[in-house]
1. Would you point out which residue out of Leu42, Leu24 is surrounded by 17 or more Cβ atoms within 10 Å (Cβ to Cβ), out of contact with any Lys or Arg (no Cβ under 7 Å at 6 or more places or on another chain) and over 18 Å from Tyr163 (Cβ atoms)?
2. Quick one: which helices (runs of 4 or more DSSP H) sit completely within segment 19-64 and have at least 1 residues that are within 16 Å of the ligand (Cβ to nearest atom) and not aliphatic (A, V, I, L, M)?
3. For segment 12-35, how many residues meet the condition of being in contact with a helix residue (DSSP H, G or I) (Cβ under 8 Å, 6 or more places away or on another chain) and touching a residue at least 60 places away in the same chain (Cβ under 8 Å)?
4. Among (1) outside any helix (DSSP H, G or I); (2) surrounded by fewer than 18 Cβ atoms within 10 Å (Cβ to Cβ), which single condition is Phe3 missing?
5. If we only count strands (runs of 3 or more DSSP E) wholly inside segment 122-194, which ones have 1 or more residues that are within 16 Å of the ligand (Cβ to nearest atom) and closer than 18 Å to Pro9 by Cβ?
6. For the structure I just gave you, tell me whether Glu16 is away from the ligand (no atom under 16 Å from the Cβ), modelled with pLDDT of 95 or more, of a type in the set (Asp, Glu) and part of a helix (DSSP H, G or I).
7. Regarding Ala100, is this residue assigned by TED's automatic domain parsing to the domain that holds Leu126 and in a helix (DSSP H, G or I)?
8. Just one of (1) on the phi > 0 side of the Ramachandran plot; (2) in the same structural domain as Tyr166 (by TED's automatic domain parsing) trips up Lys106, so point out which.
Amino acid sequence: MAFELPSLPYAQDALEPHYSANTLSFHHGKHHQAYVTKLNELTEGTDDAKKSLEEIIKSSSGGLFNQAAQVWNHTFFWNSMKPGGGGAPSGALAEAIDKAFGSFDKFKEEFKAKGVGQFGSGWVWLVKEGGDLKIVTTANAETPITNGQTAILTCDVWEHAYYLDYQNRRPDFLQSFLDNLANWDFAAANFDAA
Ligand code: FE2
């Protein structure tokens with residue numbers, strides 16, 4: 001069965017004014033769709049067509065890895081945002097963030113700085129590795145699930161993720177992601193399951 005583009009977990013205009021329907025129409029409807037389409041072209045008629053997305057990511061390299069990982073990364077990113085997001089985590093995740101980074105404000109500073117500092121295209125992630133929380137960046141399609149890390153939350157820092165709304169102002173996009181969009185319920189569920 002072919003891979004399919006997952007629906008957004010909210011309406012296309014639900015993240016406005018922080019992330020526009022126009023951006024989502026391109027980013028989800030064109031970019032994410034293109035990764036799904038190319039993944040299907042590369043796997044059609046091969047044994048990979050019977051594998052799960054995660055299995056392909058963990059067993060492939062080159063073009064196939066890039067398409068599969070970008071499909072996974074984008075689905076994770078849509079879920080990392082929600083209408084009325086931002087705010088702060090609670091419970092065990094909040095305690096773990098305080099322990100790892102000193103405070104939630106320090107976490108936000110580091111997440112933003114690492115996202116700004118990722119040269120070129122990539123992703124900034126909050127991950128859990130060996131029981132510890134870390135902020136890591138990955139280049140292009142690279143994904144923490146091949147690095148023995150559990151993804152907790154991510155922000156896409158490819159230029160296509162923010163250019164229509166923020167032009168070249170990646171720091172402003174990351175600040176808005178943290179202040180208005182981050183889905184801490186999703187992050188807490190990932191943290192609790194890890
Ligand atoms: Fe993207």
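1. Leu42
2. Because the criterion is at least 1 residues that are within 16 Å of the ligand (Cβ to nearest atom) and not aliphatic (A, V, I, L, M), the helices (runs of 4 or more DSSP H) in segment 19-64 that meet it are 21-26, 33-43.
3. So the answer is 9.
4. Failing condition for Phe3: (2).
5. Filter on segment 122-194 gives 150-156.
6. no
7. Yes.
8. Checking Lys106 against (1) on the phi > 0 side of the Ramachandran plot; (2) in the same structural domain as Tyr166 (by TED's automatic domain parsing), the one that fails is (1).
The values are calculated or read from the model by the stated rules, or taken from the named source; none is laboratory data. What you are looking at is a predicted structure, and each value in this text was computed from that prediction instead of being measured. Please note: Cβ atoms are built from the backbone with ideal geometry, for glycine as well, and neighbour counts cover all protein chains shown.
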